[in-house]
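Below is one structure; the comments refer to it alone.
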Amino acid sequence: MMTVSTFQLLDGKRCGEALRARIAQEAAAVKAARGRAPHLAAVLVGNDGASRTYVESKVKACESVGFRSTLIRLPESTSEDELLVRVKQMNRDKELDGYIVQLPVPAHIDPEKVTLAIAADKDVDGFHPENIGRMVLGQPCFLPATPSGIVELLRFNHIETAGKHAVVVGRSHIVGTPMSILLSRNAYPGNCTVTIAHSRTRDLPSITRQADILVVAAGRPEMITADMVKDGAVVVDVGIHRVPDTSRKSGFRLIGDVKFDEVAPKCAWITPVPGGVGPMTITSLLLNTLKAAQR
Ligand code: NAD
């Protein structure tokens, strides 16, 4: 079989920058109309290093588009009741358009209780059952950031999706499952025939090889190898993993769930890691916050 040797990058950095320029314009219009900028708050409980990095980059992204942002740091010892009290305060706060509670929360706090307590109209992460239900029914809602960012990345690059076979590897509530719903809905991007693969799937390679569009969110470093991908496929790599690299100042580099070097030459389009899905996830959070402020 022939191998496609010239692949194109699904560049999340470039797409994110273009969308953020539009968000900044609309944020300025919101500010002019009602006297205050869109306002996002992020709650971080405890000292998890990765969570701190994620939250800080979300706050920085807010600043880059002229949003107001508030970072609320709570100690690891914060009880579930104390956190729920804060959540209820934020639900009532008229100066706040949307907020997120960064997951994971410490083990003594039930994340489901927290998600349920967040007012659906401020749930810019799109994790509340009301928003998930609305997404399934195709009603106005906040879409979960990562799958919605992938949809925007496909749209920005005019990727044809109708009638394609999309395979989503992973069925988490925040990535794989909503991704499968968005790709199958009657819209663009969408109208795919979708297969969801997961940890109990038998003979994964025979399924991924059927994918015109392959979205991988399994959290397994470089699990997708060239023999698992069809020639000319569109590959979206959601995975993100730090691996030690002494040649770098940071001491590590980032890799995805896809073995990029060997898979890319077979693809029509592929996301890099970093610079693919990651920047789009944050951009989607900004889009949701803008939407909340415009209502
Ligand atoms: P998760 O651990 O909640 O879910 C992983 C899913 O993969 C599960 O449904 C599991 O059934 C499936 N799976 C695991 N091993 C498998 C295998 N061998 N074959 C088939 N399926 C398998 O993970 P998640 O929260 O969905 O995140 C997935 C990855 O994406 C992680 O690496 C995470 O760090 C990354 N992530 C990145 C972004 C971003 O913005 N770039 C956002 C969210 C998650």
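The values are calculated or read from the model by the stated rules, or taken from the named source; none is laboratory data. Only a predicted model underlies this, so the values are computations on that prediction, with no experimental measurement involved. Cβ: placed from backbone, ideal geometry, glycine included. Neighbour counts: every protein chain shown.
A few remarks follow.
- Residue within the range 172-182 that is farther than 28 Å from P111 by Cα and either in contact with a Leu (Cβ under 9 Å, 6 or more places away or on another chain) or surrounded by fewer than 23 Cβ atoms within 10 Å (Cβ to Cβ) (or both) present: no
- Only one entry in H198, H165 is assigned by TED's automatic domain parsing to the domain that holds I240, surrounded by fewer than 22 Cβ atoms within 10 Å (Cβ to Cβ) and within 13 Å of the ligand (Cβ to nearest atom), namely H198.
- Leading residue by the ranking (surrounded by the most Cβ atoms within 10 Å (Cβ to Cβ)) among those in the range 48-90 that are more than 22 Å from the chain's Cα centre (by Cα) and part of a loop (DSSP other than H, G, I, E, B): T78
- Exclusive hit being among the hydrophobic types (A, V, I, L, M, F, W, C) and touching a residue at least 60 places away in the same chain (Cβ under 8 Å), set L74, L10: L10
- Checking each residue in the range 253-278 for being within 14 Å of the ligand (Cβ to nearest atom) and surrounded by fewer than 18 Cβ atoms within 10 Å (Cβ to Cβ) picks out L254, P274, G275.
- Enumeration of residues in the range 14-30 that are surrounded by fewer than 16 Cβ atoms within 10 Å (Cβ to Cβ) and not hydrophobic (A, V, I, L, M, F, W, C): R14, E17, R22, Q25
- All positions within the range 107-124 that are part of a loop (DSSP other than H, G, I, E, B) and surrounded by 18 or more Cβ atoms within 10 Å (Cβ to Cβ): I109, I118, V124
- Any hit, the range 175-182, residues being part of a strand (DSSP E or B), more than 7 Å from the ligand (Cβ to nearest atom) and of a type outside the set (S, T, N, Q): no
- Only residues that are surrounded by fewer than 19 Cβ atoms within 10 Å (Cβ to Cβ) and within 30 Å of H241 (Cβ to Cβ) were counted in the range 31-47, giving 2.
- Residue check, A217 under 18 Å from the mean Cα position of the chain (by Cα) and within 15 Å of the ligand (Cβ to nearest atom): yes
- For the range 210-236, the tally of residues that are basic (K, R) and farther than 20 Å from L9 by Cα stands at 1.
- Filter result for C141 (over 14 Å from the mean Cα position of the chain (by Cα), within 24 Å of Y99 (Cβ to Cβ) and away from the ligand (no atom under 15 Å from the Cβ)): yes
- Taking (1) assigned to a helix (DSSP H, G or I); (2) surrounded by fewer than 18 Cβ atoms within 10 Å (Cβ to Cβ); (3) aliphatic (A, V, I, L, M) in turn, V243 satisfies each apart from (1).
- V229 vs. criteria closer than 17 Å to V151 by Cα, buried (at least 19 other Cβ atoms within 10 Å of the Cβ) and within 15 Å of the ligand (Cβ to nearest atom): no
- Residue in the range 128-141 that is nearest to G49 (Cα to Cα), counting only those that are crowded, with 20+ Cβ neighbours inside 10 Å and touching a Phe, Trp or Tyr at 6+ places or on another chain (Cβ under 9 Å): H128
- Among the residues making up the range 1-51, those that are in contact with an Asp or Glu (Cβ under 8 Å, 6 or more places away or on another chain), closer than 22 Å to E152 by Cα and aliphatic (A, V, I, L, M) are L19, L40.
- Condition broken by I100, with the remaining ones in (1) in a strand (DSSP E or B); (2) surrounded by fewer than 20 Cβ atoms within 10 Å (Cβ to Cβ) satisfied: (2)
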